[in-house]
Each structure stands twice: as structure tokens, then as C-alpha cells.
1. Just a yes or no: is a residue in the range C:51-69 in contact (Cβ under 8 Å) with a residue 40 or more places away in the chain, outside any helix (DSSP H, G or I) and touching a helix residue (DSSP H, G or I) at 6+ places or on another chain (Cβ under 6 Å)?
2. Determine, yes or no, whether A:Ala163 is surrounded by 23 or more Cβ atoms within 10 Å (Cβ to Cβ), near the ligand (Cβ under 10 Å from one of its atoms), closer than 23 Å to A:Trp200 by Cβ and without any contact (Cβ under 8 Å) to a residue 60 or more places away in the chain.
3. The conditions are (1) within 16 Å of the ligand (Cβ to nearest atom); (2) over 15 Å from A:Ala163 (Cβ atoms); (3) modelled with pLDDT of 95 or more, and A:Tyr185 fails exactly one of them. Which is it?
4. Kindly indicate whether C:Glu148 is of a type outside the set (S, T, N, Q), within 13 Å of another protein chain (Cβ to nearest Cβ), crowded, with 19+ Cβ neighbours inside 10 Å and under 28 Å from C:Ala37 (Cα atoms).
5. I need every pair where a residue in the range A:340-366 that is within 14 Å of chain C (Cβ to nearest Cβ) and in a loop (DSSP other than H, G, I, E, B) has its Cβ under 9 Å from the Cβ of a residue that is of a type in the set (Asp, Glu) and within 16 Å of the ligand (Cβ to nearest atom), sequence separation at least 6 or different chains.
6. Going through the range C:123-169 one residue at a time, which ones are in a helix (DSSP H, G or I) and touching a residue at least 40 places away in the same chain (Cβ under 8 Å)?
7. Kindly establish whether A:Ala153 is surrounded by fewer than 16 Cβ atoms within 10 Å (Cβ to Cβ) and more than 13 Å from the ligand (Cβ to nearest atom).
Amino acid sequence: MNAVSSSPRGDMPRELDPRPWLELPPPDARAVAAALTTEEPDEAAFVTLVRAEPTRWLEAMAQRAQALTRRQFGRTIQLYAPLYLSNYCSGGCAYCGFAADRDQVRHRLEPDEIERELTALKRLGFEQVLLLTGERTPHAGFDYLLAGVRMAARLFHEVTVEAFPMTVDEYRALAEAGCTGVTIYQETYDPDAYERFHRWGPKRDYAARLDAPSRALSGGVASVGLGALLGLADPLADALALFRHVRVLQQRFWRAAFSVSFPRLRPEAGGFQAPHPVGDRWLAQLIFAFRICLPETTLVLSTREAPAFRDGLAGVGINRMSAGSRTTVGGYDGRAEDTGQFAVSDGRDVTAFCTMLRAHGLDPVFKNWDSAYRSVLSPPSALRAEGGI
Amino acid sequence: MKILLNGEPYETVARFVSELIAEQAPAVRVAAVVNDRVVPAAEQATTALAEGDRVELLTFAGGG
Amino acid sequence: MNQEDDALVLGDHAYTSRLLLGTGKFASADVMARAVAASGVQIVTVALRRFDRDRPDDALLTPLLAMEGVTLMPNTSGARNAEEAIQAARIARELCGSRLVKVEIHPNPRHLMPDPIETYEAARVLAADGWLVMPYIPPDPVLAKRLEEVGCASVMPLGAAIGSGQGLASAELLKIIVREACIPVIVDAGLRAPSQAAAALEMGCDAVLVNTAVADAGDPPAMAAAFAQAVAAGRSARRAGLMPVGQEAQASSPLTTFLQGGERV
Ligand code: SF4
């Protein structure tokens, strides 16, 4: 509830620290049954569910997750497409195919190329686009990103940005240019692991990243997406810190919309191995626990995951998915030259993916709401600008 | 001098708010409002009354 | 569980009692004082009125001030708008020095529903001025967050209309307020029975304020004590965690067979 100060190196704020919960004994059947049916899900329910014994509880959790997903979102799946604007990066994230020390064809989309890529996505039916870049570089800094947002906002109803941490004023400028959402994963909440995998570059600043969602919301961005790159550190601890992070922000920025993503470390060209690999069953259990304990929050699953896994979770916890994605720079309008940030596991095109959704009784939704009125209204006023996470 | 006390005309010899309170309510703690200005407790002894002042003396009563 | 580490925190003050008592409508100041003593409440509300020459001492303040550990919370009842409520708060401060103030603005004398707009405005000004503002409000989750944003010490949504004794008619809205709030939620007005007070604490409200239910009871001090016990029981139950509601049988097709195969890492 209060602003949290973190040291420059990045201690985890006390209100996110999962350790007290991890020391509890494993949940008994009574506790799991209670958490499954509660109408007032809290942290305790969340910990109980992620630690529940899967052979006994996974199916019941899936059923509950599906019921709650239907209650909140109906039988729909929102679709979005990621568009990498640039893969220039000064960052040294050990797990990333775009890190500065990686052998990679560097490229950025020029305005005419951005236009062509956006048009190609639009032609595929998309109304929601996620624009990505690496860290700030002279090739792709704030102004470059802002220009990309302006172009996208002319064509798309929702324009989300996943780039680098910014100042409140920068986020405000993005919002005014038509950016409706900011996605920024903490990657790992464990300060030691964070320091180890972020070998150099601005991303080493744990606290600046942790605080970025608050700054985005303070700047008037309407929604933020959070996540942890599962596999970097103890996934249970990261999941719990992530859950707490969402809850704390939801209470403070009560007008904002939130989404949570579940990126799991995938093999990529550089061959980084996840120190704490996360299996399918546990990831599914985690998604069910998030759905049960955050019934109104959007949960996202990308094409990092394989078709069978995505099909199984569509509408069962997950309510927003990417489809037909390229993780290379551009790539929707012709071929890309680089090898991508990570490997796409679900290579189906949009049509095939929508066919699958419909076969599962789910309606693919490209447009969540209409932005027509935005041109006559000013962007939402700043949401209580204060420090802290 | 004539003042308006709690909405009614009232004749008093009190020159200061504190004297009016002593005259009216020697045993009760009251707050004074003179011409819509709340007189801080510490200033009651130095706040002079003038002809025609509207004075409210208030105290606590039961309430929920 | 130790009550000491489960205090109701309002601003920089911590209270062990989660019952607040109004002092209106009692047959006599003596009965009121005995009810306060019997319930062990630490915060009592009082109203402002014009001093009455013919009743120079209605003996309300004397026993209350003599009671150890009882804080007075003046209300602004009678105020019809924000300006009057702010003035009432400033007058009350001269009387008791309290920073706690219950902002209560109900312009319609027939139902006494709080005016959300004037209440918000008064709360905003008083909170900025350093008061611990306790606004009496309709059970509106958005209003509650807006009041939290302007720095109120708590919100006091009504359970039902003042004096109606209808209990937690607003339960579903109260639950949303509790879920979203970062400041204490105190149910004010509408309660009749201690069981309703217990229910409010069980659903996660932080405290309740009662007045008529005690003042109009056959034996007000005994009823005040009963409310205190109910509030303590409700709070303990909340902390202990209620048993789950029975889950209906699930008869749909399995959803996790896709996870049965080989584990993909
Ligand atoms: S994760 Fe982002 S900041 Fe780190 S190397 Fe990759 S693109 Fe750069």
C-alpha cells in the first residue's frame, strides 16, 4: 500500500518477498479445497494452489479455471500479434538472442517498412499489436519508438509496447500518441539471479525495472502487462512475487487494466540453458492458480509454447493469445534476415489457429473495444503519480 | 452591548469571547464562532466582541 | 491470536477494539457512559450542537473525558454541504483537540443518505489539512477508492439506512470495497444485531460503528458488550479462515489429458 524503496542494486521490496510463504508446510487437502472454491482469493489461496499436489488437484483446478475464465471473458480469446521494430540492443541478458554479444544480424524497420508490416498484420485481421524493441540504442531510442506507436495507433485499436523502462513523462508521451498498454516483465524477482543474468547494460537496474509499471500507469497508460521469465530462478518464488506485484499494483492503480504473461525460457539460437526448467504440468498449474486467484485479470500465452499446450489452455485460464507470430524484426511482410529473439513453437498461421479455437467452442476476438471515441477525448489523466513499485 | 448569540439577540457586558463564555457556560467546555470565524481556544481571551457580532457557542452532544 | 498485533490502524493510531460507538439517542448520559464502559470501545462519536443556557451541562463530555483510553470522534452531522462540514470539523477541534473527524453529510432528512459529492469535497479539504478523515458514505467501491486517494484514514460505508436495523443490506458491495481498499473499511449504520456485526467482520470489514442498536436496546450496556463480543468473534473467525463452501460435483469432460503425455521442458 505504501511506496517502497529499493536499493540501487535491487533488494526485493518486503511486500513482494515470497520467502515467508515458501517456508510454510505443503498445503493439506482441506486448504486446497478451500482455495479452489473461495470467492475471496488471496495470497494464501494462491500459494496453496501452486503448491497443491498435481495428480490429485490439477484437473479440479483446470475445471475451476475454465469456469472462471468463462464467467469473466465468455467463450472468447483475444488475439494480438507481436511486431519487433528493431533488434539493436546494448543489453547483455544472458538468455536473449538479441543481446549485444550475440552473433545476430542487426536491423531496424524504417518508417516505410513499419507501415508495410502494420498493413500486413491488419490484412491478417489483427486489431491489437504489440511493438517490441531492445534496450535504448541510438538506432532505436524513445523517439523511434514513439514514431512507431503513432503509426500503429492510426491503424490498430490497441497498441501495446514492450521495450525499455521509461520515465513518467516518456510514458505519458507514449499514451498521448495512442499507446494503450505497456508490457514489462521483471524477468526474475530474485535480486541475485537478476544480477547474474543481466550481465551489463541499463537492464541491470533491478529497481528501475520493477518500478516501471507504476511509472507507466502514472503517465496515463491504461494497462500494464507483467510477467517473469520462468526458468531463471526458483519458479515458485518468482510466481509468488509476480502475484504479489500484480495485487499491489491493482490496489494502487485501481483504474488500470492488468495482464499477466507466462513466458518460459525456450531454447534459442545462443543455446542458453534454463537453470530452473519449468515443466508443462507445473506451468499449467501456475496458470490455473493465477486464474482462480485473479479472476478478472487477463492471462496471456504466446507462441513460445507448443500447439498442444496452447490448445489445452485456451479458455482454460488463458484469455489472450498471440498467433502467427514472428520474433524476428518484421517478417509479416516478406522474410526477415535475423534469427529471432526466441524460437516460436507454435508455427500455425492465424487462420489455422482460429480454426482450432472455433473447434474448441471459442470465438477469436481481434478487437476488444472500439477506439473511435479516443480522437475526441483526451487520454486518461495521470493515475496518481508517486514513487514505489 | 447587543450581540446575536446562537441566533438570538442578547445583551452582554462581556468585552472578550472568554468573558462571554464565563458568563454563559462557566462549567462547560464550549467552542466559539464569531461572525463565522472559529476562534481558536487560545485566542478566546484576546478576541474582542463588538456591537452586532454574531456569536455561536457550541458544545458536544450525543451523536452517532 | 494476539489482539495486540491485530490492531485497527487509523493514521498513526492503533486501536485494539474494532467496535466504535455512537453516543446519540441514549436515555441518559449515565446509560451512555455505562454502555461505553461495558463495550470497551476506544472511539466514540459525538455531535456538535449549540450550547443551551437552560441545560448548561448535559453531562455528556464529563464522563467520556474521564474514561481512560476513549478517543472522541466528532461528526459533522447537521452539515448540509462540504463547507459546513469543514466548519464543523474546525469547531470540534477547538473542543477536543481531536484530529479524528467523521465526515457525515446527509442533506435529505427523510432517508439520511450521505451526499457522495459533498462528502468527497469535504474529505479532500480536511485530509489535506491533516485530519484523520472518516467519511460516512454510500457503499460505492469507486467512491471508496477516490476517498482513499485523497488521503482518508478509513471509509465508513453504510450497511443499510441509518437507524433502519436492516443489517448488511449492502453486503455484496461491501465485499468489493473490502477487496479493493488499502485503508480500513468500517461499516457504519444499519446494524441491529450483534450477529450482523460479526458477519461484517467475517467478510473482511475492519470494524463497525453502531449507535441505535445499542441505545434502543432493552439493556444498552449489555447490548454494547454483546456487540463487542460479536465484533471480536467475527474478527477472529476472519483470521482463522472459514471452511470452504461445499463444491458441486464436476461432471464435465476432463481438461488436463493433454498434460498426461511426456513432460516437455
Ligand atoms: S532481453 Fe531485451 S534488453 Fe536484454 S538483451 Fe534481449 S532485447 Fe536486449
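1. No, every residue in the range C:51-69 fails to be in contact (Cβ under 8 Å) with a residue 40 or more places away in the chain, outside any helix (DSSP H, G or I) and touching a helix residue (DSSP H, G or I) at 6+ places or on another chain (Cβ under 6 Å).
2. Yes.
3. (2)
4. Considered against the rule, which asks whether it is of a type outside the set (S, T, N, Q), within 13 Å of another protein chain (Cβ to nearest Cβ), crowded, with 19+ Cβ neighbours inside 10 Å and under 28 Å from C:Ala37 (Cα atoms), C:Glu148 comes out as no.
5. Note: pairs meeting the criteria are A:Ala343/A:Glu268.
6. C:Val125, C:Leu126, C:Ala144
7. Taking the combined requirement at face value, the residue does not satisfy it.
Yes/no matrix, rows are residues, columns are (1) within 29 Å of A:Thr351 (Cβ to Cβ); (2) within 23 Å of the chain's Cα centre (by Cα); (3) more than 14 Å from chain C (Cβ to nearest Cβ):
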| residue | (1), (2), (3) |
| --- | --- |
| A:Val32 | no, no, no |
| A:Asp42 | no, yes, no |
| A:Glu53 | no, no, no |
| A:Leu58 | no, no, no |
| A:Gln78 | yes, yes, yes |
| A:Ser86 | yes, yes, yes |
| A:Cys89 | no, yes, yes |
| A:Gly97 | yes, yes, yes |
| A:Asp101 | no, no, yes |
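The values are calculated or read from the model by the stated rules, or taken from the named source; none is laboratory data. All values derive from a computational prediction rather than experimental measurement. Virtual Cβ from ideal backbone geometry, glycine too; neighbours counted across all protein chains shown.
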